[in-house]
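Q: Got a structure here, written out as structure tokens. Questions coming.
The values are calculated or read from the model by the stated rules, or taken from the named source; none is laboratory data. If you're wondering where the values come from, they're calculated on a predicted model, not measured in any experiment. Ideal geometry is used to build each Cβ from the backbone, glycine not excepted, and the neighbour counts take in all protein chains shown. Each accessible area value is taken on the protein alone, full model and side chains, heavy atoms only, with ligands, DNA and RNA left out. Shrake-Rupley method; radii C 1.70, N 1.55, O 1.52, S 1.80 Å.
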Amino acid sequence: MLTIDFSNAFNLVDRSAMLKEVHRVCPSLSPWVNFLYGQPARLYVGDNCIWSTTGVQQGDPLGPLLFALALHPLITRVQEQCRLLFHAWYLDDGTIIGPVREVAKALEVISREGPSLGLQLNVRKTELFWPSCNGEKFAAGLFPEDIGRPKLGVKLLGGAVSRDRDFISDLAVKRASRAVDLMRVLPQLKNPQCELLLLRSCMGVAKLIFGLRTCQPSYVGAAVTLFDEGLRQAIDDIVVGGGPFFGDLQWRLASLPIKEGGLGLLSAGDVSSFAFVASRVQSLELQDHILRACCMGDLDSDFRAALDGLQAVLPDVDLGGFANKSTAPREPQTILASAFYGKTVKEINGVFGLSPRQKAVFDCLRAPHAQDFLTVIPIEGLGQCMSAVEYRSVLKYRLMIPLYPEDEPCPVCRKVCLDSFGEHALHCKELPGFKYRHDLVRDVLFDVLKRAGIAAKKEAPVNFLTDPKEGRSSLRPADVLVFGWSGGKHACIDLTGVSPLAGFRGSGFVSGQAAQKAEAGKISKHEQACIDNQHAFLPFAFDTFGCLAPVASGFLKRVQKAALAHATVSVGHSYVFSRVGFAIQKGVAAQLVARLPTHDL
């Protein structure tokens, strides 16, 4: 096995070779690339100017593609001249596997022809590894004398290629340690919203996932423990900022996938339970290609041990098909992750002894669209930002962390005592925050419609929208009037937000029921009046966790479809739901923060 390393490859790749390949393979792109790289560029360092004449520019989105095009002729020549079992590249990281003399020939081709492309082989960082050796690697003149010849293993894309337990463990621990060091600088942002997004997308288990998928679970235990301790501390900093009440339950909830009611900050301990098995099953065809003699009837001991360990974790899941190539599932990672987290969710009540309220909250967190706000990119111009105290308040509310002192009267209505978890704060109507939440969701919904090219009017007077019991004395405008929406008729959108835990009694709770009940109440009040006046009526009911009633959900699905069709730039498939979901939580945050003690603000 040969791992290739070039010296400063991206900065030194020859531009003339690169431009030639672009012209040959991507002629339509050639004029633009010639404009960018056809002449030297000035780089300024303080008052000094440096002429950039080689390589691709740092930060250029086309950089990886241009480098790959320049490298491709060299890869092709190696493939044509050498009989290799495996030959793959990830940009400038090459891996070659095959008979010793064929690998040596490949290295000679790269050393000879690479410099004409600006690719200089870094012999000292290029490594040869034999899991077993017949002595041929010591043959004189076969490989450069100063080429690396590690005895225990090599690192490949962050994972270990080795049979040595200590080598694998040490490599995993080093990677976990670097990931934890990175997590520790997150609080410097002083922005929990950005910290959470970065932790989930860039600094979380993704930093360790390749190693977990390629290393035996029993070898990476120390790395998993180190990583999860750092991850838990990072989440603690984001949610409570070093404060109290972030316990084992909160850690368990936060480390669940978003669709299961968590924050999507997966723990390495959870992922290591199934990642190795999933990877081995998913790569069976590749293993056959490399090893030739590999067959599922003769599994190696590592895979057998990992499969047995996973079966002990998931005793009710039939893993028999995973041990047979002909019956192995096509998407083992998805299947195993779903089974593992499904079992975890079922066991949470028994493990933590949840109270009736905690069970209800957990059900609400797993309702459709309840977690959409977590994926929103902070953009001030779209109203997609919260202050640190607002974002933390929302996270505390959802993770069942006390927000207020016990038995203190509501500072606004002074009629009842605040509960420590914030339920009264969300349904008390004595503060403008209740109306603020309604108006914020309405304004965001109107903005979404406008950006989707859907004609609408906010606070539109329709002269018939009223409570039938109160007559015209309760006449009011439609929150949003959407023109020609339903069979050519204008549609009156009426928003209502409810707290699903208001008046909670501890039994018979069903998540989403409060929003559906509010929807039904709106329909009984206003639908007939709209029909009588040749309008359609669409109640837009939601609860404080972000769950949408069926009519609201159906409406947003159609708006999302229109937004995708109308967009001149790419928008995500969850764009509409995420924006509305974030508006709901921003309104909730305003209500919670308004009742916090002043020293917490």
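Q: Tell me, what is a quarter of the convex hull surface for the C-alpha atoms of the stretch 435-576, in nm² with one decimal? Could the numbers behind the result be given before it?
A: Details: hull surface 38.0 nm².
Mean shadow area of the hull around the Cα atoms is 9.5 nm².
Q: Right, here's the next one. Output the antiparallel fraction of DSSP beta bridges having both residues in the chain, as a percent to the nearest 5.
A: The antiparallel fraction comes to roughly 75 percent.
Q: Let's test the formula: R0 of 30 Å, r as the Cβ-Cβ distance of ASP288 and THR53. What FRET efficiency results, to the nearest 0.05? If you can, show how the numbers build up before the last one.
A: Values: r = 46 Å, r/R0 = 1.53.
According to the calculation, E is roughly 0.05.
Q: With every protein chain left in place, what is the accessible area per residue of the chain in square angstrom, probe 1.4 Å? Can you show the working numbers first?
A: Details: 28980 Å² over 601 residues.
Accessible area per residue, the chain: 48 Å².
Q: Name the trypsin sites (Lys or Arg not before Pro) in the stretch 128-236 that are in a loop by DSSP and that have at most 15 other C-beta atoms within 10 Å, would you?
A: Values: sites: LYS137, LYS151, LYS155, ARG163, ARG165, LYS174, ARG175, ARG178, ARG184, LYS190, ARG200, LYS207, ARG213, ARG232; in loops: LYS151, ARG163, ARG184, LYS190.
Sparse-neighbourhood loop trypsin sites (Lys or Arg not before Pro): LYS151, ARG163, ARG184, LYS190.
Q: Straight-line reach only, C-alpha to C-alpha below 23 angstrom: list the lysines that LYS207 could link to, leaving out same-chain residues fewer than 8 apart.
A: Partners within reach: LYS125, LYS155, LYS174, LYS190, LYS259.
Q: Still on this structure, please answer the following. Taking 8 Å as the Cα distance limit and 6 or more residues as the minimum spacing, I'd like the relative contact order of the stretch 352-459 as a percentage.
A: Details: 67 pairs, mean separation 13.5, N = 108.
The normalised contact order for the stretch 352-459 reaches 13 percent.
Q: For the chain, state what percent of all Cα-Cα pairs lands in each successive 20 Å bin, counting from 0 Å until the bin that includes the largest distance.
A: Spelled out per bin, shortest first, that is 16, 39, 32, 12, 1, 0.
Q: Report the GluC sites (Glu not before Pro) located in the stretch 444-532 that are in a DSSP loop and have at most 14 other Cβ atoms inside 10 Å of their Cβ, or state none.
A: Here the GluC sites (Glu not before Pro) that fit, given the DSSP loop and packing criteria, are GLU470.
Q: Please list 3J(HN,Hα) in residue order for the stretch 55-61, calculated via the Karplus relation 6.51 cos²θ - 1.76 cosθ + 1.60 where θ = phi - 60°; whole Hz, with x for glycine and proline.
A: So the J values, rounded to whole Hz, are x, 9, 6, 4, x, 6, x.
Q: Under the rule of at least 5 residues apart or a separate chain, name every residue whose amide H is placed under 5 Å from the amide H of PHE6.
A: Sorted by chain and number, the residues that satisfy this are ASN122.
Q: What's the long-distance tail for the stretch 20-67, i.e. % of Cα pairs beyond 17 Å?
A: Of all Cα-Cα distances in the stretch 20-67, 38 percent exceed 17 Å.
Q: So, in nm, how far is label ILE147 from label SER301 when the simple model puts each one 7 Å beyond its Cα toward the Cβ?
A: In this crude label model, ILE147 to SER301 measures out at 3.1 nm.
Q: Here's something else I'd like to know. Could you give each residue of the stretch 454-466 its phi-based ³J(HN,Hα) in whole Hz, using Karplus coefficients 6.51, -1.76, 1.60 with θ = phi - 60°, and x for Gly or Pro?
A: Karplus-based 3J(HN,Hα) across the stretch 454-466 equals 9, 5, 8, 9, 8, 6, 7, x, 10, 6, 8, 7, 8 Hz.
Q: Between SER7 and ALA88, 0.36 nm times their residue separation minus their Cα-Cα distance comes to what?
A: Numbers: separation 81, 0.36 × 81 = 29.16 nm, distance 1.87 nm.
So the chain would gain 27.3 nm between SER7 and ALA88.
Q: Still on this structure, please answer the following. Using alpha carbon centroids, what distance separates the stretch 14-91 and the stretch 220-236, in Å?
A: 39
Q: Please list, in chain and number order, the residues 5+ apart from ILE377 or on another chain whose amide H is under 5 Å from its amide H, with Hs placed from the backbone.
A: When sequence neighbours closer than 5 places are left aside, there are no close amide H contacts.
Q: Averaging sequence separations of C-alpha pairs under 8 Å and six or more residues apart, then dividing by the length of the chain, give the relative contact order as a whole percent.
A: Averaging sequence separation for qualifying contacts and normalising by length gives 10 percent for the chain.
Q: Okay, next question. Defining a contact as two alpha carbons under 8 Å apart and six or more residues distant in sequence, what relative contact order in percent does the stretch 294-398 show?
A: Reported as a whole number, the value is 15 percent.
Q: Return the calculated 222 nm mean residue ellipticity for the chain, to the nearest 500 deg cm²/dmol, obtained by summing -39500 (n - 2.57) across DSSP H runs with n ≥ 4 and dividing by the residue count.
A: Working: 22 runs with 272 residues, N = 601.
Here the helix-only value at 222 nm equals -14000 deg cm²/dmol.
Q: Once neighbouring chains are kept in place and the probe is 1.4 Å, which whole percent of the accessible area of the chain is contributed by carbon and sulfur?
A: Ligands and nucleic acids excluded, carbon and sulfur reach 54 percent.
Q: What fraction of the DSSP beta bridges in the stretch 485-601 is antiparallel, stated in percent and rounded to the nearest 5?
A: 20
Q: A further question on this structure: List every residue whose amide H lies under 5 Å from the amide H of ASP494, counting only residues 5 or more places away in sequence or on a different chain, with H placed 1.01 Å from N in the peptide plane.
A: Residues meeting the criterion, in which the H sits 1.01 Å from N, are LEU538, PHE540.
Q: Something else now. Can you give the Rg and Dmax of the stretch 102-238 based on its C-alpha atoms, in angstrom?
A: 19.8, 60
Q: In whole Hz, with x marking every Gly and Pro, tabulate ³J(HN,Hα) for the stretch 356-372 from phi via Karplus 6.51 cos²θ - 1.76 cosθ + 1.60, θ = phi - 60°.
A: x, 5, 4, 4, 5, 4, 4, 4, 5, 5, 9, 6, x, 6, 5, 9, 4
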